[in-house]
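The values are calculated or read from the model by the stated rules, or taken from the named source; none is laboratory data. All values reported here derive from a predicted model rather than from experimental measurement. Reconstructed Cβ throughout: ideal geometry from the backbone, glycine too, with neighbour counts over all protein chains shown. Surface accessibility is based on the protein's heavy atoms, side chains included, excluding ligands, DNA and RNA. Shrake-Rupley method; radii C 1.70, N 1.55, O 1.52, S 1.80 Å.
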Amino acid sequence: MLVKQYLGEMGYTRKEKFTYEDILLSEAYEKSGVLVVVDAVEICCAPFSYKRYCQKQNEWVKKYKRVYRILDSDDEKQQLKEIETLKTFLNGGDVDYDTGKTMDREKHSIDPSPLEYLFEECFERAYGASGYKYLQREYSIVLKNGKTAYIDYALFNKDGTWIAIEENGVSYHHPNIIGEKRYRKMLFKQNSVVEQDGIIYRWDTESMQYKDRIVDEILEFVGDISKYHRQDYVKEQREFKLYEHQEEYLYQLKNDREAGVESALVVLPTGTGKTTVAIEDLREFYVKNSDFRALVLVPSLDLVNQWEEVLSQNAALDTFTVVKTYAKASREYYNHEKDFYDYIVIDEAHHGAAPVIRKILHHYKPKFLLGLTATDERLDEKKLEEVFGAYNTKLSLKEAIEKGILARIRAYRLETNIDLSSVKFNGKDYIFSQLEKSIKIPSRNELIADVVKTYFCDRLKGKSGLVFCVSVAHAKEMAKIMRARGINAESIDGKDKKRVEKIDKYMNKDIQFLCTCSLLTEGWDAPHTSVIVMARPTLSKVLYTQQLGRGTRKCEGKEALYVVDIVDNYGSYGSVSNRPWSVHSLLGIDTYKMFGDLINTGGSTDELVVLDTIHESLVKLAPFDVFTMQQYYEDYLSTEELARALFVSTGTVNNWIRKNQIEPSVTIPMGRGKLSLFHPDQVSKIREEKNLKEHTEETIVDDFWEFIEKGDYTFSYKMYFKLAFLDKVNETGDVDVKELLERYIEYYEQRHLQGLQVDRENSPYNDIDYVRDRKKMKTSMLSNPFEKFERKRFLYHDKDLAKIAIHHRIWDDLVENGGMERLRRKMEEDLVGYYGDAE
């Protein structure tokens with residue numbers, strides 16, 4: 001109990017608790033907006049719901065300025081250790097960077113996990129395709145002990161704070177499963193984020209199934225996306241020079257800088273004056289740039305002190321120069337503009353290839369960057385010259401190609417006779433099940449394989465590439481057909497036990513083509529990729545851009561990236577088409593020249609000579625319409641997005657459209673249905689016409705009780721539905737639809753058996769056979785009482801899980817503030833009044 005005693009002595013008071021079946025799992029102590037959650041050791045023994053754990057975590061994070069979390073112990077020595085750990089977080093302070101070798105998860109974690117895919121889908125629904133530009137995936141941080149750790153996603157607020165988002169599988173994060181040791185590590189990582197001005201939200205596997213609910217929570221917790229820094233960057237190269245075993249460093253640095261060199265790496269043995277070289281070059285730089293800012297980055301606190309002592313003897317430099325550890329700089333760099341510092345020194349630069357340091361190097365673009373090291377041995381076999389020469393810059397794809405940063409692109413449009421005009425659209429992309437049936441046609445796959453063999457095996461030999469398919473089955477079939485033509489091809493998917501082996505073989509060029517569906521779309525670096533085959537049509541600009549990005553890196557011996565777009569038949573409605581994205585539409589180019597450079601950057605075109613000798617059509621330009629629906633209506637709202645903006649259900653919006661009560665700005669036929677789109681300006685107009693109150697996540701609890709207290713009932717359905725919900729709801733605010741239905745039916749069966757009036761005269765429930773028909777009652781329950789709560793986003797239905805969940809804020813009010821008793825009492829009182837009126 002020493003931890004709680006310490007918090008009491010520090011002025012913290014107990015605010016909240018977290019329990020499971022009368023077992024106290026956590027107690028929360030607060031002081032001046034800072035919350036310290038003390039987990040009892042029982043949290044590692046009890047089989048509580050991890051979903052509720054994540055809900056409670058997110059509620060605390062939203063409510064308080066900072067939330068630290070520690071695990072208590074029965075052992076007094078461990079308690080004292082926890083107190084000391086807590087002190088280090090509460091008191092702040094810098095740490096030394098751990099110089100041990102770190103696995104770069106940003107390079108090895110090729111694809112999002114299934115849970116991360118769900119999160120990304122929800123994030124896109126919340127903020128649209130542009131939302132991805134604000135997320136940084138697999139973000140590396142320096143922990144309080146100096147080691148490197150990774151966060152699933154990070155968003156950087158312009159006010160200097162940041163958000164960490166973790167997608168937690170139960171088996172890897174539940175305290176009862178992972179045990180005390182791993183749980184303490186998890187909390188240490190969380191506390192390191194908080195100590196670095198971050199907050200951390202967690203979503204678990206089960207919660208992610210309720211996509212509508214997660215979208216609402218993302219919008220609530222993240223808020224206005226424009227408050228964050230964009231993270232969509234292209235790597236550009238600085239002019240770089242490596243100095244090894246030279247005598248006149250300062251002379252060389254000065255002359256090369258004047259010649260346009262922007263970055264240098266100096267290699268000198270320990271004790272031979274690396275610091276002196278940097279100080280003297282800083283002096284030289286200061287002479288010509290008297291008003292400047294300089295930054296010195298070092299791995300340890302001892303080196304901070306050493307550098308500050310040297311700088312203190314140079315008054316001019318001391319005024320303009322700050323010294324930081326790698327750890328501190330990694331917590332602050334995203335608050336600065338790229339040109340914030342004019343001159344940066346990286347001491348012990350052999351750590352530069354580590355993920356945390358590389359982020360800093362890639363962010364800043366000083367007038368000069370100097371690396372100092374006693375050894376150029378690459379701890380992880382990366383070339384430091386490449387690391388020091390690269391930095392991030394905000395450029396469009398087209399601009400990056402024009403500047404020669406990315407590979408030139410050449411396109412081939414393979415036309416098929418496959419008709420996809422009837423494939424339905426879900427508001428974001430083609431419906432997968434329908435698309436798969438339409439795409440898995442042998443003739444289409446054989447055409448693709450023939451093109452690959454003709455152009456990239458027979459004519460331009462040795463090209464490596466990726467074929468993006470619609471499904472795992474499609475990828476396997478595609479690889480099989482390609483192998484039948486003598487092409488060294490393999491399929492790859494997340495369940496493939498030989499996945500890592502195949503990737504390694506592809507990287508070593510032992511496999512020529514990899515066929516995949518959703519894998520390899522981001523976070524993977526294979527510069528030698530020269531061919532991208534888009535065998536999967538997509539209406540998602542994000543997905544198409546990610547897939548294309550697997551081949552845009554430049555590489556020695558790579559003249560261009562060849563993109564093969566498969567052109568199927570798509571429906572066209574006036575000036576609007578449901579055609580997918582292509583490299584032409586992405587770049588806004590409306591003429592086609594087979595394998596011609598889409599953007600002319602000059603230079604060698606040796607490979608085109610080979611291709612130009614074959615077809616006369618290669619030199620002809622064919623004009624065509626490149627515009628996709630997204631380009632026309634990128635900012636418009638779908639029915640789902642309009643419903644969210646109005647705080648009603650999608651079914652309600654569709655019903656208004658059906659009854660001509662609201663008119664979409666655009667209606668586009670899609671397969672057998674129609675796509676309705678609304679201009680953003682229509683939101684306030686519709687709200688006014690429908691006399692809708694403006695709701696927010698902050699008002700959701702008051703809105704719920706206002707709806708409950710209103711008590712207007714056509715039938716008894718809502719009252720018995722809520723009572724059944726209270727009877728069957730679990731500790732996380734979820735209820736199994738089947739159990740809910742059985743209890744709902746039971747209420748009406750009891751009235752029949754007792755000879756009581758079941759409902760008003762025109763209610764179908766007066767028929768006992770109707771009540772006992774599970775199918776009819778389920779339809780009735782979900783379309784009557786449930787729909788009234790769903791349309792206001794108080795409840796959510798997940799059809800795959802066959803569960804109904806309540807909004808997390810309402811559930812918290814029901815659990816923490818006596819809401820359960822209040823709701824039950826209100827429903828029972830209303831039933832008495834209702835049947836009194838009925839009778």
Notebook entry, point to check: For the range 640-663 and the range 10-69, what is the separation of their C-alpha centers, rounded to whole Å?
Noted result: 39 Å
Next item on the list: Convert each backbone phi in the range 658-668 into a coupling constant with the Karplus relation 6.51 cos²θ - 1.76 cosθ + 1.60 (shift: θ = phi - 60°), then list the ³J(HN,Hα) values in order as whole Hz, x for Gly and Pro.
Entry: 4, 8, 6, 7, 9, 10, x, 5, 9, 10, 10
Note to self: List the residues, sorted by chain then number, that are 5 or more residues from Leu25 or on another chain and whose placed amide H is less than 5 Å from its amide H.
What the structure shows: Phe18, Thr19, Tyr20
Note to self: Give me, ordered by chain and number, the residues 5 or more places off Ser665 or on other chains with an amide H under 5 Å from its own placed amide H.
What the structure shows: Leu677, Phe678, His679
Note to self: Through the Karplus equation 6.51 cos²θ - 1.76 cosθ + 1.60, θ set to phi - 60°, convert the phi angles of the range 496-511 into ³J(HN,Hα) values in whole Hz; use x for Gly and Pro.
What the structure shows: 6, 5, 9, 4, 4, 4, 5, 4, 4, 5, 5, 4, 8, 6, 7, 10
Check: Once amide H atoms are placed 1.01 Å from N in the peptide plane, what residues at a sequence separation of 5 or more from Asp197, or on another chain, have their amide H within under 5 Å of its amide H?
Finding: none
Notebook entry, point to check: Efficiency by 1/(1 + (r/R0)^6): what FRET value for Lys133 and Leu753, r their Cβ-Cβ distance, R0 = 45 Å, to the nearest 0.05?
Noted result: 0.15
Next item on the list: Among the listed pairs Lys227/Lys365; Lys31/Lys147; Lys63/Lys87, give every one whose C-alpha distance is greater than 25 Å.
Entry: Lys31/Lys147
Check: Ordered by residue, what ³J(HN,Hα) values in Hz, to whole numbers, does the range 335-348 give under the Karplus form 6.51 cos²θ - 1.76 cosθ + 1.60, where θ = phi - 60° and Gly and Pro are x?
Finding: 7, 9, 5, 5, 9, 4, 9, 8, 9, 10, 10, 10, 7, 6
Check: If you roll a 1.4 Å probe over the range 263-304 with all protein chains in place, what percent of the accessible area is carbon or sulfur?
Finding: 51 percent
Checklist line | Simple spin-label estimate for Glu688 and Asn417 in nanometres, 7 Å along Cα-Cβ | finding: 5.6 nm
Notebook entry, point to check: From the Cα gyration tensor of the range 169-238, with a ≥ b ≥ c the square roots of its eigenvalues, which class applies: rounded if a/c is under 1.5, or else prolate if a/b is larger than b/c, or else oblate?
Noted result: oblate
Check: By how many nm would the segment from Met1 to Lys398 grow when fully extended, if each residue of separation counts as 0.36 nm and the alpha-carbon distance is taken off?
Finding: 136.7 nm
